[in-house]
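Beneath this line is the structure, given in structure tokens, with notes to follow.
The values are calculated or read from the model by the stated rules, or taken from the named source; none is laboratory data. Worth saying up front: this structure is predicted, and the values here are computed from it rather than measured. Glycine gets a Cβ as well: all are built from the backbone with ideal geometry, and neighbour counts include every protein chain shown. All accessible areas refer to the heavy atoms of the entire protein, side chains included, with ligands and DNA or RNA removed. Shrake-Rupley method; radii C 1.70, N 1.55, O 1.52, S 1.80 Å.
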Amino acid sequence: MPPSTSSAITLNINGEKYTLPVDHRTTLLDALRERLDLTGTKKGCDQGQCGACTVLLDGRRAVSCLQLAVAAEGREITTIEGVADGDELHPVQQAFLDLDGYQCGYCTPGQICSALGVIQEHAAGWPSAVTDDVRPEAGPPPLTADEIRERMSGNLCRCGAYVSIVQAVARAAEAEAETAADDARTGTEAAI
């Protein structure tokens, strides 16, 4: 008897568990959109080149059109639907809204998920191709427009909203840094 080409898998998406049968060749993107009706993640090129389908897997950016759904089992998946806190937009979403970091909006979910990953990677000190000093002791480089453009380069915007996208990522990164600093101060004060 030939081996089965499908399995029942459980995906942890935006803090909820979903169990579904899938063909082993089903991409995470198709499972999200076609099987679970989570249509915020967009299908663009279906070749991993445009970034429209970017989601977070265990907090790291991934193009879901190249990720098999069976390989995502047991991982924490965050889609655009899971970014906001109820009715309160995440600072990245708010920055995109405030600074017009979108036009048609098709690429925006992937841009926002990618921006979340960029901000985390930068805060962790990960260098990019344009980082001048890549020594770990140098710490995170300044998050300049060049750094943001390089780090977001896997996400295409056919409308050309790049200037606003860079500004939105910079503003959101500043807000995240302020929040982290406030949390650190509060933690220090509580320890005293």
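Inter-label distance, C104 to W126: 2.9 nm, where each label sits 7 Å from its Cα along the C-beta direction. Computed extension gain for A175 through D58, at 0.36 nm per residue and net of the alpha carbon distance, reaches 39.9 nm. Once the chain from E73 to D182 is taken as fully extended at 0.36 nm per residue, the excess over their C-alpha distance is 35.7 nm.
Overall, the chain carries a charge dipole of about 820 debye about its Cα centre when +1 sits on the Cβ of Lys and Arg and -1 on the Cβ of Asp and Glu, all other atoms neutral. Toward the positive end of the charge dipole of the chain, with +1 on the Cβ of Lys and Arg and -1 on the Cβ of Asp and Glu, the farthest Cα among A180, A72, G101 is that of A72.
For region 91-191, the fraction of 1.4 Å probe accessible surface lying on carbon and sulfur atoms is 55 percent. Taking 0.36 nm per residue of separation and subtracting the Cα-Cα distance, full extension of the segment from N14 to Q49 would add 10.2 nm. In the full protein context, the chain carries 55 Å² of accessible surface per residue, based on a 1.4 Å probe and ignoring ligands, DNA and RNA. Angle, helix 108-123 long axis vs. longest principal axis of the chain, Cα atoms, 0 to 90°, nearest 10? Taking Cα atoms only, the helix is inclined about 50 degrees. Between the Cα long axis of helix 162-191 and the first principal axis of the chain there is an angle of about 70°, rounded to the nearest 10.
Peptide packing for 73-80, 116-123, 143-150 was compared via the average number of neighbouring C-beta atoms within 10 Å per residue; ordered from the highest value, the list is 116-123, 73-80, 143-150.
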